[in-house]
Amino acid sequence: MLAIARAASLCLSLKVGLTTQFMNLEWVTIEITRSVSFTMNEQRIPAYLTLIQKLLTSPRTQADEIINQHLELIDPGFLQLCQTLAEQFQEAGEEDRASFLLNLAQQLGGGIQGQDEGAVANVGGSRSPEDEYLDVLMALLKTKLENPNNPQAIEAVLVQYQDKLDLKFAEVVKEWFQSKIDPNYPERNEAVGVILNNLAIAFYQFPLGTRSHNIEIAVACYECALSVSTQATVPEQWAATQNNLGSAYQDRIQGDKSENLEAAIACYKAALQVYTQEDYPLDWAMTHNNLGNSYNIRVQGDPAQNVEAAIGCYIAAFEVYILEDFPQHWAMTHNNLGNTYRDRTQGDPSENIEQAISCYQNALQIRTRETFPPDWATTTSNLGEAYYKRVQGEKSDNIDQAISCYQNALQVNTREAYPQKWAHINQNLGRAYCDRVKGKKTQNIKQAISYYESALQVYTPDTFPEQAAITQNYLEEAKQQKS
């Protein structure tokens, strides 16, 4: 256990004033408070605590005299403990004690800084790379506790430390979590699991850094949370985490795509054991929508049956998502249903595409650029894919309609904001220009090559190996047409 955590725990046993309500969060909060620049000398902790207790229980006018009597204890470790306990008191609502300890640490800190700064910096010796990853994790956990309803605060920390958000960080999260689990304190374990679940959402939604790494960290956090929660004890929390983990597995880039989708489907089905239409209609509909998405892109099983299963999930969601009550969800499900009809193999192909176009157009009644620009761009891009595949109507008109949709979508899906979507649309534009009927063939092929090369700026073999290979093949074919 960290020295500071041990010190704070000892302080609790000395009853220096933390409230009963705060005790429930004591373990979580203390464990995430770490010294960045040095390691506290644990042998001095009892003396630190005795001095702090004496300062807190004596008249404030005697503080200078008490400090002068114990100058041998005034070092970086003492100041760090004062700051740590001040934060605990602040969280507990004991502002007087918090303010006193913070002011004390600031006043004494100036004197220590004037001493041998090199000695202070080297008290803890060298720090390992794992320590740096732990620093980031502790900063995130602490920020989440202090700002439980402020996602912008968490995102600011992620932006600051995005260079540390890699596969090693995911391993550090799991190792740290396992080291803190105590079977004798299940409620405490669940509390940490809830925090990791909430952090996982932030990782999953974080738009910067490497997408595959962000998802791996989210998966690690969700799986840690599920390891300390059960359907029997916390059904709602358990189901929510299962649903979230399903979404992460569905979008996962690392690992085998087929296995990831099977894991996603299993998670959604698990969530539906709790999310019934009667008790949780909105969650039931949302999970059916998500399950439909996984079936729509499933690798294992019969492709035709997977598509039909997806359609069944979306139609089920419409039992709750009606236009008048839930217009955004209604539009989302129409968009997803359009994707399924667009790729459907059963039935008449021409009618399936027309059905897809109708679904997208329904979705765009709600998903306008003014009100929901990212959703508008997504559905507009999907509509472009449907026009590209369309059988009815003139081919030349359909392809130009597809190009128009793609180019409109790029107005929102920029490389800076949505690099993966940007690459996907550029790939589609390359295909559309290769097949374009109108215009000069040489100019169309030249344009196609340019779009493929743009897509490959994001679709690299390291980050998106499958898409990189596909796009590279398209590019080679276009170059052959040019020659």
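The values are calculated or read from the model by the stated rules, or taken from the named source; none is laboratory data. Predicted, not measured: the structure shown is a model, and the values here were computed from it. Neighbour counts run over all protein chains shown; Cβ positions are idealised from the backbone, glycine included.
Do we find that I311 is farther than 25 Å from W376 by Cα, surrounded by 15 or more Cβ atoms within 10 Å (Cβ to Cβ), in contact with a helix residue (DSSP H, G or I) (Cβ under 7 Å, 6 or more places away or on another chain) and not assigned by TED's automatic domain parsing to the domain that holds A356 in this structure? Can you show your working first?
Working: farther than 25 Å from W376 by Cα: no; surrounded by 15 or more Cβ atoms within 10 Å (Cβ to Cβ): yes; in contact with a helix residue (DSSP H, G or I) (Cβ under 7 Å, 6 or more places away or on another chain): yes; not assigned by TED's automatic domain parsing to the domain that holds A356: yes.
It is false that I311 is farther than 25 Å from W376 by Cα, surrounded by 15 or more Cβ atoms within 10 Å (Cβ to Cβ), in contact with a helix residue (DSSP H, G or I) (Cβ under 7 Å, 6 or more places away or on another chain) and not assigned by TED's automatic domain parsing to the domain that holds A356.
Would you tally the residues in the stretch 464-483 being farther than 16 Å from Q443 by Cα and free of Cβ contacts under 8 Å to residues at least 12 places away in the same chain? Reasoning before the result, please.
Taking the stretch 464-483 as the starting set, the residues that turn out to be farther than 16 Å from Q443 by Cα are 464-474, 476.
Add one more test, that the residue is free of Cβ contacts under 8 Å to residues at least 12 places away in the same chain, and what stays is 465, 469, 473, 476.
Residues meeting the conditions: 4.
Can you tell me which residue within the stretch 292-306, out of those that are surrounded by 15 or more Cβ atoms within 10 Å (Cβ to Cβ) and out of contact with any Ser or Thr (no Cβ under 6 Å at 6 or more places or on another chain), is nearest to D256 (Cα to Cα)? Step through it out loud before you land on a result.
First pass over the stretch 292-306, keeping only residues surrounded by 15 or more Cβ atoms within 10 Å (Cβ to Cβ): 292-298, 306.
Then keep just the ones that are out of contact with any Ser or Thr (no Cβ under 6 Å at 6 or more places or on another chain); that gives 292-295, 297-298, 306.
Details: G292: 20, N293: 18, S294: 14, Y295: 16, I297: 14, R298: 12, N306: 18 Å.
Here the answer is R298.
Checking the structure you have, find out if any residue of the stretch 276-288 is in contact with an Asp or Glu (Cβ under 8 Å, 6 or more places away or on another chain), crowded, with 22+ Cβ neighbours inside 10 Å and closer than 30 Å to H213 by Cβ.
Looking for residues that are in contact with an Asp or Glu (Cβ under 8 Å, 6 or more places away or on another chain), crowded, with 22+ Cβ neighbours inside 10 Å and closer than 30 Å to H213 by Cβ, one finds none in the stretch 276-288, hence no.
How about the stretch 435-458: which of its residues are surrounded by fewer than 15 Cβ atoms within 10 Å (Cβ to Cβ) and of a type in the set (A, V, I, L, M)?
Listed by number, the list holds a single entry, V437.
Quick grid of which residues meet (1) more than 28 Å from F464 (Cα to Cα); (2) among the hydroxyl-bearing types (S, T, Y); (3) under 16 Å from the mean Cα position of the chain (by Cα):
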residue: M138; (1), (2), (3): yes, no, no
residue: Q162; (1), (2), (3): no, no, yes
residue: K174; (1), (2), (3): no, no, yes
residue: V194; (1), (2), (3): yes, no, yes
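To keep it simple, each residue is scored yes or no on (1) under 23 Å from T379 (Cβ atoms); (2) of a type outside the set (A, V, I, L, M); (3) touching a strand residue (DSSP E or B) at 6+ places or on another chain (Cβ under 8 Å).
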{"position": "P281", "(1), (2), (3)": "no, yes, no"}
{"position": "G301", "(1), (2), (3)": "no, yes, no"}
{"position": "I322", "(1), (2), (3)": "yes, no, no"}
{"position": "N339", "(1), (2), (3)": "yes, yes, no"}
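Of all helices (runs of 4 or more DSSP H) completely enclosed by the stretch 347-410, which ones contain at least 1 residues that are touching a helix residue (DSSP H, G or I) at 6+ places or on another chain (Cβ under 6 Å), without any contact (Cβ under 8 Å) to a residue 12 or more places away in the chain and not hydrophobic (A, V, I, L, M, F, W, C)? Full working, then the answer.
Working: elements: 349-366, 373-389, 395-410.
Where helices (runs of 4 or more DSSP H) fall fully within the stretch 347-410 and carry at least 1 residues being touching a helix residue (DSSP H, G or I) at 6+ places or on another chain (Cβ under 6 Å), without any contact (Cβ under 8 Å) to a residue 12 or more places away in the chain and not hydrophobic (A, V, I, L, M, F, W, C), they are 349-366, 395-410.
From N197, N189, N184, which residue is over 23 Å from P374 (Cα atoms), outside the structural domain of F464 (by TED's automatic domain parsing) and surrounded by fewer than 17 Cβ atoms within 10 Å (Cβ to Cβ)? So that I can check it myself, show each step before the final result.
Numbers: N197 fails: surrounded by fewer than 17 Cβ atoms within 10 Å (Cβ to Cβ); N189 fails: surrounded by fewer than 17 Cβ atoms within 10 Å (Cβ to Cβ).
Criteria check complete, one pass: N184.
As an exercise: evaluate I112 against (1) at pLDDT 80 or above; (2) surrounded by fewer than 19 Cβ atoms within 10 Å (Cβ to Cβ) and give the number of the one condition it does not meet.
Every listed condition holds for I112 apart from (1).
Which condition number does T463 fail, the rest of (1) of a type outside the set (A, V, I, L, M); (2) assigned to a loop (DSSP other than H, G, I, E, B); (3) surrounded by 15 or more Cβ atoms within 10 Å (Cβ to Cβ); (4) at pLDDT 95 or above being met?
(4)
Pull out all pairs, ordered by first then second residue, where Cβ-Cβ is under 6 Å, the residues are six or more apart or on different chains, the first lies in the stretch 290-315 and is free of Cβ contacts under 8 Å to residues at least 12 places away in the same chain and in a helix (DSSP H, G or I), and the second is crowded, with 23+ Cβ neighbours inside 10 Å and aromatic (F, W, Y).
N306/Y295
Within the stretch 115-151, which residues are surrounded by 12 or more Cβ atoms within 10 Å (Cβ to Cβ), within 29 Å of L73 (Cα to Cα) and modelled with pLDDT of 75 or more?
Listed by number, the residues that qualify are D131, E132, L134, D135, M138, A139, K142.
Pick out the one residue from V437, V458, V412 that is within 23 Å of T333 (Cβ to Cβ) and of a type in the set (A, V, I, L, M).
Working: V437 fails: within 23 Å of T333 (Cβ to Cβ); V458 fails: within 23 Å of T333 (Cβ to Cβ).
Selected residue: V412, the only one of V437, V458, V412 that is within 23 Å of T333 (Cβ to Cβ) and of a type in the set (A, V, I, L, M).
Among the residues of the stretch 390-399, is any at pLDDT 95 or above, under 31 Å from the mean Cα position of the chain (by Cα) and buried (at least 22 other Cβ atoms within 10 Å of the Cβ)?
No, there is no match, as no residue in the stretch 390-399 is at pLDDT 95 or above, under 31 Å from the mean Cα position of the chain (by Cα) and buried (at least 22 other Cβ atoms within 10 Å of the Cβ).
Kindly list, by first and then second residue, each pair from a residue in the stretch 434-453 that is assigned by TED's automatic domain parsing to the domain that holds Q480 to a residue that is not aliphatic (A, V, I, L, M) and not in a helix (DSSP H, G or I), limited to pairs with Cβ atoms under 8 Å and residues at least 6 apart or on different chains.
Sorted first by the residue in the stretch 434-453, then by its partner, the pairs are N444/R436.
Can you tell me which residues in the stretch 411-422 are surrounded by fewer than 23 Cβ atoms within 10 Å (Cβ to Cβ) and touching a residue at least 12 places away in the same chain (Cβ under 8 Å)? Break it down into steps so the answer makes sense when it comes.
So in the stretch 411-422, the residues surrounded by fewer than 23 Cβ atoms within 10 Å (Cβ to Cβ) come out as 411-412, 414-422.
Q411, V412, R415, A417, Y418, P419, Q420, K421, W422 - these are the residues of the stretch 411-422 that are surrounded by fewer than 23 Cβ atoms within 10 Å (Cβ to Cβ) and touching a residue at least 12 places away in the same chain (Cβ under 8 Å).
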